[in-house]
Amino acid sequence: MTIELEDICKSYGSLTVLSHFSLAIDDGASLVITGTSGRGKTTLTRILLGLEKPDQGRVRLLGDYKYPYLNAGVVFQEDRLCDDFSAIVNVSMVNKHISSAFAREELENLLPPEALDKPVRELSGGMRRRVCIVRAAAVPSDLLVMDEPFAGLDRENRRRAIEYIRRRQGSKPLLITAHDITDLEFCRQVRLSSFVNVVT
């Protein structure tokens, strides 16, 4: 399956954040969308996920695909965790096929065991971010979309999170937005600017 963003334009008032942007995302592709703040990285992910409509252009699903929408594992810029619940519950509650035992096993890849049963409001920002990464990666999905997933992570935890994401990616496409592209050399880079979008 190929996901095609075709001639996407999006403005907010007088501010143009995406101008005639096109991109094909193939099975197994790993992409990092980078650029300064306000250049449309988050807007692009929201359009891809169907959470916003472009002013012009469209998202197309090409190939043998039987649904009109994408099943995605998503890390949003905001954590969007249920603060009164544990990390295990936050991961297992998003899909009926995710058991508490599986959630615990996955979380132990990135978090110390003693953190897993605490309400997530008691966890540090970096730990909460790692819960978000596991939650997104654990969901049965067609692709992974991660908007600044490594915010608040030190270099070692960032490296471990990237290794975990790559293991869980399998043959799915992966799209990450990031200001800092350290350790993301395995991704094809798409730089967003106000006038020119460059794929390298």
Whole-Hz Karplus couplings 3J(HN,Hα) for the stretch 20-36, θ = phi - 60° and coefficients 6.51, -1.76, 1.60, Gly and Pro as x, run 6, 8, 10, 7, 10, 10, 8, 3, x, 5, 10, 10, 10, 9, 10, x, 5
Rg followed by Dmax, in Å, when the chain is reduced to its Cα trace: 16.9, 50
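Taking a probe of 1.4 Å, how large is the accessible area per residue of the stretch 115-200, in Å²?
Averaged over the residues of the stretch 115-200, the accessible area is 43 Å².
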Anchor LYS10: lysines whose Cα lies under 17 Å away (excluding residues fewer than 8 positions away in-chain): LYS41, LYS53
Distances over 15 Å make up what percent of all Cα-Cα pairs in the stretch 83-169? 53
Rounded to a whole number, the Stokes-Einstein D of the stretch 78-134 in µm²/s (Kirkwood radius over Cα pairs; 4 °C; 1.567 mPa s) is 119
Which residues' amide hydrogens lie under 5 Å from the amide hydrogen of GLU52, considering only partners 5 or more residues apart or on another chain, with H built in the peptide plane? ILE47
State the percentage of accessible surface on the stretch 51-181 attributable to carbon and sulfur atoms; use a 1.4 Å probe and exclude ligands, DNA and RNA. 48
When the chain is modelled as a GNM with alpha-carbon springs shorter than 10 Å, which of ASP180, ASP154, ASP26 fluctuates the most? ASP154
Label point at ALA24 placed 7 Å out along Cα→Cβ; residues across the stretch 1-15 whose backbone nitrogen lies under 19 Å: 1-8
For VAL32, distant residues with modelled amide H under 5 Å away: ILE176, ARG188, GLN189, VAL190
Computed over the stretch 18-97, protein heavy atoms only, probe 1.4 angstrom, the accessible area per residue in square angstrom equals 54
Relative contact order %, the chain, counting alpha carbon pairs below 8 Å whose residues are six or more apart: 30
Long-range amide H partners of LEU153 with built H, under 5 Å: none
Any idea how far the Cα center of the stretch 22-56 sits from the one of the stretch 85-125, in Å? 28
Modelling each spin label as a point 7 Å along the Cα-to-Cβ direction, I'd like the ASP117/SER171 distance in nm, to one decimal. 4.0
Using the Karplus curve 6.51 cos²θ - 1.76 cosθ + 1.60 with θ = phi - 60°, work out ³J(HN,Hα) for each residue of the stretch 145-154 in order, rounded to whole Hz, and write x for Gly and Pro. 10, 10, 9, 6, x, 9, 4, x, 9, 6
At q = 0.24, 0.25 Å⁻¹, the log10 of I(q)/I(0) for the stretch 130-200 from a Debye sum over equal Cα scatterers comes to -1.19, -1.26
Here the stretch 5-10 yields Karplus 3J(HN,Hα) values (6.51, -1.76, 1.60; θ = phi - 60°; whole Hz; Gly and Pro given as x) of 9, 10, 6, 7, 10, 8
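The values are calculated or read from the model by the stated rules, or taken from the named source; none is laboratory data. Keep in mind that what you see is a predicted model, and the values were worked out from it rather than measured. Reconstructed Cβ throughout: ideal geometry from the backbone, glycine too, with neighbour counts over all protein chains shown. All accessible areas refer to the heavy atoms of the entire protein, side chains included, with ligands and DNA or RNA removed. Shrake-Rupley method; radii C 1.70, N 1.55, O 1.52, S 1.80 Å.
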